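Read-outs throughout are calculated quantities, based only on the coordinates presented, and are distinct from any laboratory measurement. Just so it is clear, the structure is predicted and the values come from calculations on it, not from any experiment. Quick reminder, even Gly has a Cβ in these numbers, built from the backbone with ideal geometry, and neighbours come from all protein chains shown.
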Amino acid sequence: MAEIGIIGTGSMGSMLIRSFIRSGILKPEEITASNRSEEKLLRLAEETGINRAASNRITAEKSGIIFLCVLPDDTEEVITEIKDLITDEKILVSVISDVTTGKITEWTGKTAPIVRVIPSVTSHRLCGISVLSFDALPDDKDRQKIIRLFEAISKPVTVPEAEISAYSDIASSSPAFIAGIMKEFSGAAVRHYGIDQNTADMVVRETFIGTAKLIEHDYSTFESLIADVATEGGITGEGMRVIRENAGELFTAMLKETDRKHKLVSDKFR
Ligand SMILES: NC(=O)C1=CN([C@@H]2O[C@H](COP(=O)(O)OP(=O)(O)OC[C@H]3O[C@@H](n4cnc5c(N)ncnc54)[C@H](O)[C@@H]3O)[C@@H](O)[C@H]2O)C=CC1
Ligand SMILES: O=C(O)[C@@H]1CCC=N1
């Protein structure tokens, strides 16, 4: 495996570093990272044992696979800084939402191999989904290298670049949405029944964990789990009816908003 470079060690960059090491797919000495704020990088390097680079140029120079883990608005500056070091032998992996490979190619000024990846915080636990798009990485051996990395920390799903934002919503934004739903569910129970907030939060949390385990091990469809809980003529069916009647509309409204934001950002970086 080529040396890995990580530019930007915020939430995603640091998650990738910790998870690649925890999974055993990379050794700390195979990773070099740089970040705008020195202090954050220093603490991460001390914790993990990775190589700390004093500049993005050093990271790019040392690495065969360069991960771009900065915000969309910082991407052009980073690419401008390193573009003369990007060669056909190196693979650029962008985890940046809504910045197209077309725009990255324009900024690099060359057709270097680029992969777009949307990771997820679930990879902290070496599970969940990473969404991969190889529209700008034709070489199969290079594709396999990237897939191997993400197989170690998640279940990789490959999609066309045109669909990456849709999958980003249901894979990568999803842990926040699911936590948000649990918070609202617990809050509604507290308001309606007047029960204790902390106890309600704990009950919803533990039930969610149990449900995730059932879905992982025992139920191959959502419907079969629902059918086992919803006793004929019983209570759960009444709640399920309200979910069926309203949740579709709620999620459609939510996805309209995320889609609007994806388009707003990607129009800026088309
Ligand atoms: N947080 C998430 O769950 C996900 C985030 N993403 C994408 O990943 C990218 C990073 O997101 P986060 O890690 O959440 O953001 P973040 O704000 O936590 O991290 C960004 C990091 O980039 C560094 N940075 C900024 N300019 C730099 C420069 N010129 N050189 C070196 N480092 C620089 C910052 O110091 C910071 O540590 C974003 O583009 C986001 O769209 C994609 C999927 C999931
Ligand atoms: O909220 C965001 O912009 C990023 C993209 C997917 C998850 N977090």
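If you wrap a convex hull around the C-alpha atoms of the range 4-164 and split its volume per residue, what is the figure in Å³? Show your work: numbers first, answer last.
Details: hull volume 15.5 nm³, N = 161.
Per residue, the Cα convex hull of the range 4-164 comes to 96 Å³.
In debye to the nearest 20, how big a dipole does the chain give about its Cα centre with +1 on each Lys and Arg Cβ and -1 on each Asp and Glu Cβ? Mind dumping the intermediate values first?
On the way: 32 positive and 41 negative charges, 72 e Å.
Around 340 debye, computed over the chain.
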Exercise for review: Give me the angle, in degrees from 0 to 90, between the Cα long axis of helix 140-153 and the longest principal axis of the Cα atoms of the chain, rounded to the nearest 10.
Suggested key: 50 degrees
Point to revise | Degrees separating the helix 197-217 axis from the principal Cα axis of the chain, which is the longest one | key: 70 degrees
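In the chain, what % of DSSP beta bridges are antiparallel (nearest 5)?
Numbers: 3 of 24 bridges.
Rounded to the nearest five, the antiparallel share is 10 percent.
Among the listed pairs LYS110/LYS263; LYS40/LYS261; LYS62/LYS256; LYS27/LYS256; LYS141/LYS256, which have their C-alpha atoms separated by more than 31 angstrom in this model?
Working: LYS110/LYS263 25 Å; LYS40/LYS261 29 Å; LYS62/LYS256 42 Å; LYS27/LYS256 41 Å; LYS141/LYS256 37 Å.
From LYS110/LYS263; LYS40/LYS261; LYS62/LYS256; LYS27/LYS256; LYS141/LYS256, over 31 Å: LYS62/LYS256; LYS27/LYS256; LYS141/LYS256.
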Exercise for review: Quick one: grab Rg to one decimal and Dmax as a whole number for the chain, Cα atoms only, in Å.
Suggested key: 21.3, 69
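In percent, what relative contact order does the range 174-268 have, based on Cα pairs under 8 Å that are 6 or more apart in sequence? Don't skip to the end; give the middle numbers.
On the way: 23 pairs, mean separation 11.2, N = 95.
Contact order relative to length: 12 percent.
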**Study point:** Relative contact order for the chain, counting Cα pairs under 8 Å that sit 6 or more residues apart, in percent
**Key:** 15 percent
Exercise for review: Alpha carbons only, please: Rg and Dmax for the range 127-175, in angstrom.
Suggested key: 10.9, 32
Study note, to complete from the structure: Distance in Å, no decimals, from the C-alpha centre of the range 7-77 to the one of the range 192-258 is 38 Å
Check your understanding: So what is the relative contact order of the range 26-72, in percent, for Cα pairs below 8 Å that sit 6 or more residues apart?
Key -> 38 percent
Study note, to complete from the structure: Projected convex hull area of the range 174-268, Cα atoms, direction-averaged, in nm², equals 8.1 nm²
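What is the sum of charges, Lys and Arg at +1 and Asp and Glu at -1, for the other residues whose Cβ falls under 15 Å from the Cβ of GLU77? Walk me through the numbers on the way to the answer.
On the way: positive: ARG36, ARG57, LYS83, LYS103, LYS268; negative: ASP73, ASP74, GLU76, GLU81, ASP84, GLU106.
Charge balance in the 15 Å sphere: -1.
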